[in-house]
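Working notes, beginning with the structure itself.
The values are calculated or read from the model by the stated rules, or taken from the named source; none is laboratory data. In this text the structure is predicted, and so the values were computed from the model without any measurement. Cβ sites come from the backbone with ideal geometry, for glycine too, and all protein chains shown count toward neighbours. SASA here: full protein model, heavy atoms, side chains in, ligands and nucleic acids out. Shrake-Rupley method; radii C 1.70, N 1.55, O 1.52, S 1.80 Å.
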Amino acid sequence: MNIGTSGISGQNSATATVSDLNDRLKLARAQKTEAQKTAAETLSEMPKKTRDDARARAKAKVMQLVERLKIIKELGKSDPKIMAKMLANLMKELKAAVKDYAKAGGNDMDMSGFSAAQSAASQPVPDSDAETQATEAAEETAVSDDEAFVVEDRAAEATPSAETDAPSEATVTYIPTPADIKSAAEAYVKTERQRAEGELMEVNDFMKQVRGLVKVVKDLFETAKIKLAFQKVDKDTVEAFKSSGKDMEEIDKVLQDLNKGLDDERVVYGPRAAIYA
């Protein structure tokens with residue numbers, strides 16, 4: 001008896017060990033899958049984060065230049081030559097910041113996906129009779145699937161899985177109704193439109209701030225010209241005027257290209273988005 005009991009105990013112990021091993025394998029697979037999913041999501045977010053970081057640095061630089069301009073205006077009251085040279089340096093830094101902002105990349109918008117969702121959201125929902133028939137057809141399909149699963153489960157019972165002796169569980173496929181599809185599309189359209197408007201507003205604010213800064217610098221250069229009209233101007237001061245004029249033209253060209261790149265988004269996302277120009 002003792003020998004028999006010991007044998008049974010040994011078998012139970014072996015079974016428990018195998019079961020424990022299976023559980024650990026399942027957990028390891030689940031953890032690996034989750035890690036891969038997280039890594040994929042992180043990689044997909046990297047381009048957007050890189051763009052946002054570059055834009056943030058460019059915006060911070062423009063803010064610094066705005067503050068520096070206040071100091072330059074004060075210094076220029078007594079010495080227009082120094083002001084012209086300092087403004088020339090400021091314009092070079094502004095040009096670099098604007099180019100960095102533009103090189104960071106465009107907005108993160110899926111216009112084709114938005115258009116498809118917008119089309120789905122505009123589709124009328126079938127009447128109740130048609131929807132009922134569709135639901136009944138879906139239920140019949142689900143029943144047929146359940147019968148197939150029962151057959152598969154019986155086969156699994158007859159031939160145990162390599163991982164576990166437990167039969168596989170039946171899974172019923174969810175079939176969304178036209179109303180479900182329309183509702184989901186409407187929610188997506190609303191969310192994406194708000195996000196698009198937010199990004200367009202952000203770019204618009206940056207361009208508006210840069211143009212405002214350039215206008216102030218132009219006005220200061222005009223003031224300097226008037227003050228220097230009857231003075232001897234050195235070569236460096238003349239070069240400051242010339243280089244600043246070229247830098248302003250380049251800045252305007254970059255802003256025009258940046259603004260033009262947003263035209264398609266304004267058309268797709270609607271009249272409200274179009275105000276950010």
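Among the numbered conditions (1) open to solvent by 40 Å² or more (accessible area, probe 1.4 Å); (2) modelled with pLDDT of 95 or more; (3) more than 30 Å from residue 49 (Cβ to Cβ); (4) aliphatic (A, V, I, L, M), the only one that residue 71 does not meet is (2). Might you let me know whether region 117-126 holds any residue that is surrounded by 14 or more Cβ atoms within 10 Å (Cβ to Cβ), part of a helix (DSSP H, G or I) and modelled with pLDDT of 75 or more? Checking region 117-126: not a single residue is surrounded by 14 or more Cβ atoms within 10 Å (Cβ to Cβ), part of a helix (DSSP H, G or I) and modelled with pLDDT of 75 or more. Tell me, please, whether a residue that is exposed (fewer than 15 other Cβ atoms within 10 Å of the Cβ), at pLDDT below 85 and assigned to a helix (DSSP H, G or I) can be found in region 170-179. Looking through region 170-179, at least one residue is exposed (fewer than 15 other Cβ atoms within 10 Å of the Cβ), at pLDDT below 85 and assigned to a helix (DSSP H, G or I).
Taking first residues from region 93-108 that are under 9 Å from residue 61 (Cβ atoms) and partners that are modelled with pLDDT of 90 or more and open to solvent by 30 Å² or more (accessible area, probe 1.4 Å), the Cβ contacts under 6 Å between residues at least 6 apart in sequence or on separate chains come to 97/61. Residues that are without any contact (Cβ under 8 Å) to a residue 60 or more places away in the chain, farther than 21 Å from residue 215 by Cβ and surrounded by 12 or more Cβ atoms within 10 Å (Cβ to Cβ) within region 48-66 comprise 50, 51, 52, 54, 56, 57, listed in sequence order.
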